[in-house]
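Peer 1: Below: one structure in structure tokens.
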Amino acid sequence: MTAFGGGSTGRRAFIGLAAMLAIGAVSARATPYLVVDADSDQVLAANEATAPWYPASLTKLMTVYVALDAVRSGKLTLDTPLVMSMRAARMAPSKMGFRPGTEVTLDNALKMLMVKSPNDVAVMVAEGVSGSVEAFADDMNAAAQRLGLHESHFVNPNGLHDPAHVSSARDMAMIARALLREFPEHADLFSIGALQLGNQYIPNHNGLLGRYPGADGMKTGFTCPAGFNVVASADHSGRRLIVVVLGAPTAKSRNQEAADLFDRGFATSGGGIGSLESLPPGSGPPPNMRADVCLRRNAAAIAAAEDEGLAEPVQSAGAAAGRAAAFPNPFAALLAPAHTVLSDERIRFDPVRVFVGPVPGWKGPVLGARPTGATTASNDAQGAEANAPASPHAGKSRQKLFRHAALRTTATQKLVAAKAVKPKTEAGDSEK
């Protein structure tokens with residue numbers, strides 16, 4: 001006889017209570033996450049969802065939103081060629097590695113952004129749409145205000161580390177929701193499993209695609225200060241959920257935690273804990289995750305962690321459970337749904353073909369950086385230090401002045417574009 005009753009029943013009760021207490025303890029240490037029903041706007045689970053965080057390449061979701069909004073307003077078309085500038089070409093990896101002067105249509109550029117996540121192409125899009133990185137950042141922040149974002153402030157189109165470049169799990173979910181609602185005809189951008197560029201097969205970093213049932217997007221991100229982030233969407237029988245996970249220690253743990261949150265979200269019926277807009281705003285500076293994520297790993301291992309995340313060990317069961325503990329049902333730990341374990345199998349997707357250069361017969365304008373005189377760029381040529389810990393004044397100390405060159409003549413652009421190099425796959429403390 002025990003204090004919890006006789007025999008095995010008491011022991012089971014004790015074990016169940018201990019498990020719930022352990023889950024609660026882990027939850028208190030969990031980094032931000034969010035589960036929202038994309039149609040009802042009801043938040044099904046959240047932890048620190050409005051805490052400011054470095055978004056890394058999740059930023060490119062806003063880049064795509066601003067670009068598609070420019071297409072919607074008639075500023076350019078998906079077939080409009082964009083030009084790779086010197087400034088864009090010097091971005092830190094991940095990158096396509098195209099030479100300055102290379103032309104890529106906006107349609108192909110957006111597909112590259114969502115699959116390869118190249119920082120050089122993100123700048124090319126920004127300059128083509130708005131004339132400069134700075135002007136595009138203004139457009140991003142204007143869009144953020146229209147969408148009702150609270151914690152976000154953007155200074156570049158790619159998410160390379162800058163202390164002033166921040167967002168939150170809630171804001172990223174709102175961007176994802178806006179993309180799905182306002183541009184449903186472009187939803188396939190986020191579900192591309194791989195690209196084919198010439199002879200090169202370029203897989204998506206999103207380890208949920210092809211592995212979690214119904215997963216159909218959207219974007220991963222990684223820098224040492226941000227940790228491993230993901231905004232993911234999945235559809236089960238017409239019900240779509242959006243999951244955001246920020247600050248995971250590895251790519252694989254990030255993917256598995258997102259899958260666990262989807263499992264529990266789809267098992268949850270009825271109301272949630274409120275709408276995205278109803279969550280109280282966050283404040284304070286984002287934490288720097290470098291010591292937790294990158295301190296004991298060399299540059300090659302860090303790069304491989306994102307590209308080859310499926311080979312990493314899964315995060316402990318306790319940490320994964322911590323992300324599930326905030327669901328409204330207080331007995332969720334005891335009534336957990338079936339657990340989807342993501343496969344380590346490498347999936348070969350049928351690639352979507354992309355190309356360099358204009359579409360055949362294009363007679364319209366070619367867009368790129370517009371001459372603006374001396375401009376300030378805090379995220380240029382940062383190389384390996386792009387993701388280094390930075391004080392609020394560090395970005396200013398790295399600023400460099402340079403002058404945008406005028407657009408080359410169309411003939412010169414086409415000549416250089418024909419000589420475009422293969423995409424680079426450099427290892428390093430990169431942003432993806």
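The values are calculated or read from the model by the stated rules, or taken from the named source; none is laboratory data. Quantities reported herein were computed from a predicted structural model and do not represent experimental measurements. Every residue, glycine as well, gets a Cβ built from its backbone with ideal geometry; the counts of neighbours run over all protein chains shown.
Peer 1: Any residue at all in region 56-67 that's touching a helix residue (DSSP H, G or I) at 6+ places or on another chain (Cβ under 9 Å) and more than 17 Å from Ser117 (Cα to Cα)?
Peer 2: No; the residues of region 56-67 include none that is touching a helix residue (DSSP H, G or I) at 6+ places or on another chain (Cβ under 9 Å) and more than 17 Å from Ser117 (Cα to Cα).
Peer 1: Answer yes if at least one residue in region 218-230 is out of contact with any strand residue (DSSP E or B) (no Cβ under 6 Å at 6 or more places or on another chain) and among the β-branched types (Val, Ile, Thr), and no otherwise.
Peer 2: Within region 218-230, one or more residues are out of contact with any strand residue (DSSP E or B) (no Cβ under 6 Å at 6 or more places or on another chain) and among the β-branched types (Val, Ile, Thr).
Peer 1: While we're on this one: Can Ala251 be described as modelled with pLDDT of 95 or more and surrounded by 18 or more Cβ atoms within 10 Å (Cβ to Cβ)?
Peer 2: no
Peer 1: Do we find that Gly207 is surrounded by 19 or more Cβ atoms within 10 Å (Cβ to Cβ), of a type outside the set (S, T, N, Q) and modelled with pLDDT under 95 in this structure?
Peer 2: yes
Peer 1: How many residues, within region 212-262, are among the polar types (S, T, N, Q), assigned to a loop (DSSP other than H, G, I, E, B) and under 19 Å from Asp188 (Cα atoms)?
Peer 2: Of the residues in that region, 1 qualify.
Peer 1: Return yes or no: is Glu134 part of a loop (DSSP other than H, G, I, E, B), touching a residue at least 60 places away in the same chain (Cβ under 8 Å) and surrounded by fewer than 24 Cβ atoms within 10 Å (Cβ to Cβ)?
Peer 2: Spelling it out, it is not the case that Glu134 is part of a loop (DSSP other than H, G, I, E, B), touching a residue at least 60 places away in the same chain (Cβ under 8 Å) and surrounded by fewer than 24 Cβ atoms within 10 Å (Cβ to Cβ).
Peer 1: Then there is this: Would you confirm whether any residue within region 101-124 is touching a residue at least 60 places away in the same chain (Cβ under 8 Å) and surrounded by fewer than 21 Cβ atoms within 10 Å (Cβ to Cβ)?
Peer 2: No, region 101-124 contains no residue that is touching a residue at least 60 places away in the same chain (Cβ under 8 Å) and surrounded by fewer than 21 Cβ atoms within 10 Å (Cβ to Cβ).
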